[in-house]
Amino acid sequence: CSAWARAEKERRSVTGYDLRLVVAHDPAAAATKTEQRNERIDALIRQADQWTGKLTEQDEGVKHRGRKLSDSGAKARFYHAVSEAHLSRIIKVDLGEELFSYHIDDKAKRLAEIRSAPTRPTIPTPSSTIWPPTTSKR
């Protein structure tokens, strides 16, 4: 008998309960969270497109106000923005490349959408109140 099994047996004997955690899915909250994440991703992509445009124009000789933007500077700034938005698993900044580039990991994005379905844990209840289901007679 493993230590885990012994601890579980002892807990049941002390509490008299076979506790189970009841979890409820909230589809409206999941949709809201997914929408918020997609808005943050879109905002970061717009920023990256602006920097890409500025870098391309600088390469073509167009002058802009302020300091020149470098590829490594754009990579660093974008990497930090993605990290601060907690999206580094979805937006992958190619730090090893010479030029500023990134890509969206579609598999990670789908996984985040699946995981974003928030659940509301309720108070653990004795399993006898959950199973077998009770029927009320009128």
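For this structure, a couple of remarks:
- Computed extension length for Ala28-Ala76: 13.7 nm, one decimal, from 0.36 nm per residue of separation with the Cα-Cα distance subtracted.
- Here each label is just a point 7 Å from Cα along the line to Cβ, and for Asp94 and Ser2 those points are 4.4 nm apart.
- Entries of Lys33/Lys75; Lys75/Lys107; Lys54/Lys107; Lys75/Lys109; Lys33/Lys92 with Cα pairs more than 25 Å apart: Lys33/Lys75; Lys54/Lys107
- Length added when fully stretched, Glu39-Val62, from 0.36 nm per residue minus Cα-Cα: 5.2 nm
- Here the Kirkwood formula, the inverse mean of 1/r across different C-alpha pairs, assigns segment 20-112 a hydrodynamic radius of 15.1 Å.
None of the figures in this text is laboratory data; all of them are computed from the coordinates on show. These figures come from a predicted structure and were not determined experimentally. All Cβ positions, glycine included, derive from the backbone under ideal geometry; neighbour counts span all protein chains shown.
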